[in-house]
1. Kindly check whether there is at least one residue in the range A:63-77 that is at the interface with another protein chain (Cβ under 9 Å from one of its Cβ atoms), out of contact with any helix residue (DSSP H, G or I) (no Cβ under 7 Å at 6 or more places or on another chain) and assigned to a loop (DSSP other than H, G, I, E, B).
2. Confirm whether B:Ala91 is more than 14 Å from B:Gly11 (Cα to Cα), part of a helix (DSSP H, G or I) and within 14 Å of chain A (Cβ to nearest Cβ).
3. Across the range B:197-210, which residue is most open to solvent (accessible area, probe 1.4 Å) among those that are under 21 Å from B:Leu242 (Cβ atoms) and without any contact (Cβ under 8 Å) to a residue 40 or more places away in the chain?
4. Considering only the range B:148-158, I want to know if a residue exists there that is under 17 Å from the mean Cα position of the chain (by Cα) and at the interface with another protein chain (Cβ under 7 Å from one of its Cβ atoms).
5. Only one residue in A:Glu216, A:Glu230 is part of a loop (DSSP other than H, G, I, E, B) and more than 9 Å from every other protein chain (Cβ to nearest Cβ), so which one is that?
6. Consider the range B:94-104. How many of its residues are at the interface with chain A (Cβ under 7 Å from one of its Cβ atoms) and either open to solvent by 10 Å² or more (accessible area, probe 1.4 Å) or among the acidic types (Asp, Glu) (or both)?
7. Between a residue in the range B:1-30 that is under 19 Å from B:Val85 (Cβ atoms) and at the interface with another protein chain (Cβ under 8 Å from one of its Cβ atoms) and any residue that is open to solvent by 20 Å² or more (accessible area, probe 1.4 Å) and part of a helix (DSSP H, G or I), which pairs come within a Cβ distance under 8 Å, given they are 6 or more apart or on different chains?
8. Taking B:Val226 as the residue in question, decide whether it is assigned by TED's automatic domain parsing to the domain that holds B:Ser136 and under 21 Å from B:Leu114 (Cα atoms).
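The values are calculated or read from the model by the stated rules, or taken from the named source; none is laboratory data. These numbers were taken from a predicted model, which means no experiment stands behind them. Because the Cβ atoms are built from the backbone with ideal geometry, glycine has one as well, and the counts that use them run over all protein chains shown. When the accessible area is computed, the model is the full protein with side chains, heavy atoms only, and any ligands, DNA or RNA have been set aside. Shrake-Rupley method; radii C 1.70, N 1.55, O 1.52, S 1.80 Å.
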2 protein chains.
Amino acid sequence: MSGRLYVVGLGPGNPDQMTPEARAAVDDATHFFGYKPYLDRLALREDQITVPSDNREELARAAAALDHAAEGKSVCMISGGDPGVFAMAAAVCEAIDNGPDTWKSVDLTIVPGLTAMLAVAARVGAPLGNDFCAISLSDNLKPWFLIEHRIRAAAEAGFVMAFYNPISKARPWQLGKTFEILRTQLPGETLVIFGRAAGREDEKIAVVPLGKAEPEMADMATCVIVGTPETRAIDRDDRPALIYTPRYVREDGND
Amino acid sequence: MSGRLYVVGLGPGNPDQMTPEARAAVDDATHFFGYKPYLDRLALREDQITVPSDNREELARAAAALDHAAEGKSVCMISGGDPGVFAMAAAVCEAIDNGPDTWKSVDLTIVPGLTAMLAVAARVGAPLGNDFCAISLSDNLKPWFLIEHRIRAAAEAGFVMAFYNPISKARPWQLGKTFEILRTQLPGETLVIFGRAAGREDEKIAVVPLGKAEPEMADMATCVIVGTPETRAIDRDDRPALIYTPRYVREDGND
């Protein structure tokens, strides 16, 4: 008898940004898989079992969760943010695609969550106010030349860019290289937002011009948003500046 | 004395996908602005006042809300989805940027919400599993040649694409033209997802190959996601196919 697997997005970390749907999935499941810091956020009951695992073993974690679900258990795979954005949903699908037929019979429910770029954007204004893209700077699973090609294409076409997985011990140079590329395509005044733990007590948000953006301003949990040349800062006396990208673009196409 | 303005994202419509933070903002406010169908979703108290307005008058609506807030009221501007994604947050920032100084003193809080592409993606699998972009097909505020340029650039660079505002009575041809462009750049088998009212009772989801995608499959509330050539469908006996874009890209850079 086949059980079920929820792949749940917790949002950026503030419990008030977790949806009731995600809460209900957590309440319903008995076995929990996921990166330990995400599991630690949950207030689980004594009868709920957590199976912590390393963040780098996504496919193995997906396989273990699918095994438990195929045995009839109610299983929850926890992601930060949204599971479909550089998180566990694609790894689970990949495992099902290449796994035994029993995994295809698992009742799979993907529960969306607030992804980091939305939470960070909301804290500073509306920097994603026009067309935008999301790029993971991790070159574990795709070659760096392709990431670089996408960065250049997005900047040239005037997309706001949100960068995920910007930096880590294993990926020390990618964000610096990204800024270097962008400085050849965008004015030095283009606004860059570093957002970490948006909406949480340990929130850290910084806005700097591209010319002064340094990779050290980010860590692995930071979402880095790079505006377009049209992205503006509104100075306010007693509050942080509001950052937004206008909805309109002039007829000559510059933005 | 200056009041406050919440710009709140309700998510795609299922109340279980609205965050507690959004609910708390709605409970706190006394005056409500927004497109009537969004306001109708709220169960407001008798002492809460709604000021309905037309969906096409975004700047006028933002100005009215800011006027009320500047007078000391607690005001809520309602968006579907996320207010920062092709919704009211950028219009409010634009109004503040060009408005009287008193608007800059308003205590502005932007409350993020689940945007349509995340909710639609979750219902079919993980189509946004690799780098992706979001493009509004509305050419009210930007010229069509720029939209076309962004579509071509995104397809060429291998981004999954999520299209917002795909079609309406005032914009009848833009989505058909988009498919026509994409057919020159992507294989006819590339998967296209039409998602409307994701997570609601009247949900409508369809998956077709690009070669058979027709603009009539969408209406103004549909989010259209176009995969990359790597986006895959996993057939399952008794369930809808799972659609996902793999996290990996082969070293030759094709995806």
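1. Looking only at the range A:63-77, we keep the residues that are at the interface with another protein chain (Cβ under 9 Å from one of its Cβ atoms), and these are none.
Checking the range A:63-77: not a single residue is at the interface with another protein chain (Cβ under 9 Å from one of its Cβ atoms), out of contact with any helix residue (DSSP H, G or I) (no Cβ under 7 Å at 6 or more places or on another chain) and assigned to a loop (DSSP other than H, G, I, E, B).
2. Working: more than 14 Å from B:Gly11 (Cα to Cα): yes; part of a helix (DSSP H, G or I): yes; within 14 Å of chain A (Cβ to nearest Cβ): yes.
So B:Ala91 fits the description; yes.
3. Filtering the range B:197-210 for residues that are under 21 Å from B:Leu242 (Cβ atoms) and without any contact (Cβ under 8 Å) to a residue 40 or more places away in the chain, the one most open to solvent (accessible area, probe 1.4 Å) comes out as B:Lys204.
4. no
5. Values: A:Glu216 fails: part of a loop (DSSP other than H, G, I, E, B).
Just one listed residue meets the conditions, A:Glu230.
6. The initial filter retains those residues of the range B:94-104 that are at the interface with chain A (Cβ under 7 Å from one of its Cβ atoms), namely B:94, B:96-97, B:104.
Of the ones still in play, those that are also either open to solvent by 10 Å² or more (accessible area, probe 1.4 Å) or among the acidic types (Asp, Glu) (or both) are B:94, B:97, B:104.
Residues meeting the conditions: 3.
7. B:Asn14/A:Glu21; B:Gln17/A:Pro20; B:Gln17/A:Glu21; B:Met18/A:Pro20; B:Thr19/A:Asp16; B:Glu21/A:Asp16
8. Details: assigned by TED's automatic domain parsing to the domain that holds B:Ser136: yes; under 21 Å from B:Leu114 (Cα atoms): yes.
So B:Val226 passes the test.
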